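Below is one structure; the comments refer to it alone.
The values are calculated or read from the model by the stated rules, or taken from the named source; none is laboratory data. If you're wondering where the values come from, they're calculated on a predicted model, not measured in any experiment. With ideal geometry, Cβ positions are generated from the backbone for all residues, glycine too; neighbour counts draw on all protein chains shown.
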Amino acid sequence: MKKWLMLALALFLLTACNNTDDSKETEDTMAITEESENAVGFEVLGDEIEEATNIPEEEQAAILAAFDEYVASFNAKDIERYVQTLSKNPKGFEYEEDVNTAKQVFTEYNIERKPTDTTIVKYSEEEAQVYANMDIEMTEIETNAELTSSGRQVTVFANEEGTWKVTSVYYIGNDSVQQ
């Protein structure tokens with residue numbers, strides 16, 4: 001049980017590198033906010049997510065492709081691809097710590113993240129926020145023990161020299177972790 005607790009913490013480190021204590025969740029409404037000049041936020045009323053309206057088509061395609069690569073590289077346990085999706089100067093996590101944790105998790109677990117309802121909820125030329133419902137299935141390689149969780153995630157991308165890179169991730173679990 002202690003090992004699963006450590007795994008859950010590692011999982012949330014990788015999916016929620018920047019949760020805030022100010023987040024609130026209720027049955028009908030959820031909002032995430034950060035007290036900073038680059039506020040991250042979204043609100044869900046029921047199941048409706050509002051897509052940002054000011055996104056040029058080319059940028060929308062590039063941002064969604066960056067999100068898909070972020071998830072796919074993690075699922076493939078390809079550390080070289082995964083680090084290419086990360087900002088070298090992230091705002092929501094420590095780069096080397098995240099890379100080292102990913103390497104350890106890739107060695108010990110098979111993990112599959114399954115995003116649905118992927119939507120760009122905030123956009124500017126410098127930053128984009130991608131919302132997704134995220135189902136996560138994990139299997140410990142050594143014991144074949146399984147763990148599943150689901151939640152709502154906002155992945156924040158920074159535009160670094162024309163390429164969208166993950167700079168922070170916010171995650172709120174829907175339910176407790178299930179074994």
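If you go through region 70-88 and pick out every residue that is in contact (Cβ under 8 Å) with a residue 40 or more places away in the chain and within 17 Å of GLU160 (Cα to Cα), you end up with 5.
Considered as a group, the residues in region 85-94 that are surrounded by 14 or more Cβ atoms within 10 Å (Cβ to Cβ) and of a type outside the set (D, E, K, R) include one that is nearest to SER168 (Cα to Cα), and that residue is GLY92.
Say we look at region 109-118 and pick out the residues that are surrounded by fewer than 17 Cβ atoms within 10 Å (Cβ to Cβ) and in contact (Cβ under 8 Å) with a residue 24 or more places away in the chain; which of these is farthest from GLU57 (Cα to Cα)?
ASN110
Screening the candidates GLU125, GLU97 for the property of being in contact with a strand residue (DSSP E or B) (Cβ under 9 Å, 6 or more places away or on another chain) and either assigned to a helix (DSSP H, G or I) or over 14 Å from SER168 (Cα atoms) (or both) yields one hit, GLU125. With the requirement that a residue be among the hydroxyl-bearing types (Ser, Thr, Tyr), surrounded by fewer than 23 Cβ atoms within 10 Å (Cβ to Cβ) and either farther than 17 Å from ALA128 by Cβ or touching a Ser or Thr at 6+ places or on another chain (Cβ under 6 Å) (or both), what does region 147-170 give you? THR148, SER149, SER150 - these are the residues of region 147-170 that are among the hydroxyl-bearing types (Ser, Thr, Tyr), surrounded by fewer than 23 Cβ atoms within 10 Å (Cβ to Cβ) and either farther than 17 Å from ALA128 by Cβ or touching a Ser or Thr at 6+ places or on another chain (Cβ under 6 Å) (or both).
Residue-by-condition table, conditions (1) modelled with pLDDT under 95; (2) over 18 Å from the mean Cα position of the chain (by Cα):
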| position | (1), (2) |
| --- | --- |
| GLU37 | yes, yes |
| GLU43 | yes, no |
| GLU48 | yes, yes |
| ILE55 | no, yes |
| ASP68 | no, no |
| ALA72 | no, no |
| LYS77 | no, no |
